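Everything below concerns the one structure shown next.
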Amino acid sequence: MAKNQPAVLIPSDAIERKVTELGARIATDYARRTPLLLVGVLKGSFIFLADLSRRIAIPHAVDFIALSSYGDATRSTGEVRLIMDLRQAIAGKHVLIVEDIVDTGHTLAYLTHILGAREPASLHTCALVHKPSRREVDVRIHYVGFEIPDKWVVGYGLDYADQYRTLPYIGYVEPPKEPSAGS
Ligand code: PRP
């Protein structure tokens, strides 16, 4: 491990294999469900979405939505804010939400609520990693990459105070203790 680099939790070759596997499953499952729209949740999902999209060997479109619950803090407030909406209507489309991580579940719960109200033909969810031990609300993740322990993970799109997103692997750091920190 290089100096000052986060410790490795999931190496890049394991991520690559998992993304390929998820892409193949999604392509099979959606072969007869068209049109398919991948909705990437910014900012964290941008790298996962870019790789996943290129592993889904059926026609599909991509759009983005930006939400924030953490800001620069290390603990979810439970309050999710819509920063930027989709560019397109989703009524009648098969929508697959693509998240980098599901932690407390508040972001995904909010997202499925607001997108579900727009009458998509179907609404499913995909997350590269999730932390079941941190869940505060019950959310269904249809396609999961890795279940991980309660560590502050960074890399492959995931950040700590907007740093580390471009690491090719998923690593973990020890964030400074906050008075009420739970991460
Ligand atoms: C992260 C991540 C998810 C959300 C998951 O976003 O990208 O969207 O937290 O946490 P939850 O399950 O506890 O709601 P963040 O708010 O850190 O913004 P970012 O993606 O721009 O880094």
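The values are calculated or read from the model by the stated rules, or taken from the named source; none is laboratory data. All figures in this text were calculated on a predicted structure; none of them were measured in a lab. In this analysis, Cβ positions are derived from the backbone assuming ideal geometry, glycine residues included, and neighbour counts consider all displayed protein chains. Heads up: the accessible areas ignore ligands, DNA and RNA and are worked out on the full protein's heavy atoms, side chains in. Shrake-Rupley method; radii C 1.70, N 1.55, O 1.52, S 1.80 Å.
Of all the accessible heavy-atom surface of the chain, with the other protein chains kept in place and a 1.4 Å probe, what percent is carbon and sulfur?
Numbers: 4670 of 9260 Å².
Accessible surface attributable to carbon and sulfur in the chain totals 51 percent.
With contacts defined as alpha carbon pairs under 8 Å and 6 or more residues apart, what's the relative contact order of segment 105-181 in percent?
On the way: 94 pairs, mean separation 16.5, N = 77.
Reported as a whole number, the value is 21 percent.
Taking the Cα centre of the chain as the origin, how large is its charge dipole in debye, to the nearest 20, when only Lys and Arg (+1) and Asp and Glu (-1) carry charge on their Cβ atoms? List each step's numbers first, then the result.
Numbers: 21 positive and 21 negative charges, 79 e Å.
In debye, rounded to 20, the chain gives about 380.
If you average the sequence gap of Cα pairs under 8 Å that are 6 or more apart and divide by the length of the chain, what percent do you get for the contact order?
Details: 354 pairs, mean separation 42.8, N = 183.
Relative contact order, the chain: 23 percent.
Got a sec? What order do R25, R134, R81, R87 fall in by accessible area at 1.4 Å, biggest, i.e. largest, first? Numbers along the way, then the final one.
Working: R25 95, R134 30, R81 135, R87 225 Å².
The residues order as R87, R81, R25, R134, largest area first.
Separation between the Q163 and D63 pseudo-spin-labels, each 7 Å from Cα along Cα→Cβ, expressed in nm?
Between Q163 and D63, the label points sit 3.6 nm apart.
As a test of understanding, state the convex hull volume per residue of the chain from its alpha carbons, in Å³.
Details: hull volume 19.4 nm³, N = 183.
Value for the chain: 106 Å³ per residue.
Taking H as built 1.01 Å from N, whose amide H comes closer than 5 Å to the amide H of G145, not counting residues under 5 places away?
Excluding prolines and chain starts, which carry no amide H, the hits are A127, L128, V129.
Need the list of aspartates and glutamates near K93 for cross-linking: C-alpha distance under 17 angstrom, and skip anything on the same chain fewer than eight residues off.
Partners found: D29, D63, D85, E119.
Accessible surface of Y164 in the full protein assembly, 1.4 angstrom probe, to the nearest 10 Å²?
80 Å²
On a straight-distance basis, which lysines could pair with K177 in a cross-link, Cα separation under 25 angstrom, same-chain partners fewer than 8 positions away excluded?
K3, K43, K131, K151
Tell me which of Y156, A50, V173 sits at the most positive position along the dipole axis of segment 9-173, charges placed on C-beta atoms (Lys, Arg +1; Asp, Glu -1).
Highest projection toward the positive end goes to A50.
Using a Förster distance of 22 Å, how high is the FRET efficiency between R118 and H142, based on the Cβ-Cβ distance and rounded to 0.05?
Values: r = 18 Å, r/R0 = 0.84.
Here the calculated transfer efficiency is 0.75.
In the chain, with Lys and Arg counted as +1 and Asp and Glu as -1 at Cβ, which of these residues, L123, V137, T107, has the Cα nearest the positive end of the dipole, that is, farthest along it?
Positive-most Cα among the choices belongs to L123.
Amide H of V62: which non-local residues (sequence gap of 5 or more, or other chain) have their own amide H closer than 5 Å, using H built in the peptide plane?
L38
Which whole-Hz couplings ³J(HN,Hα) result when phi for each residue of segment 61-67 is put into the Karplus expression 6.51 cos²θ - 1.76 cosθ + 1.60, θ = phi - 60°, listed in order with x for Gly and Pro?
3J(HN,Hα) across segment 61-67, in whole Hz: 10, 10, 9, 10, 9, 10, 10.
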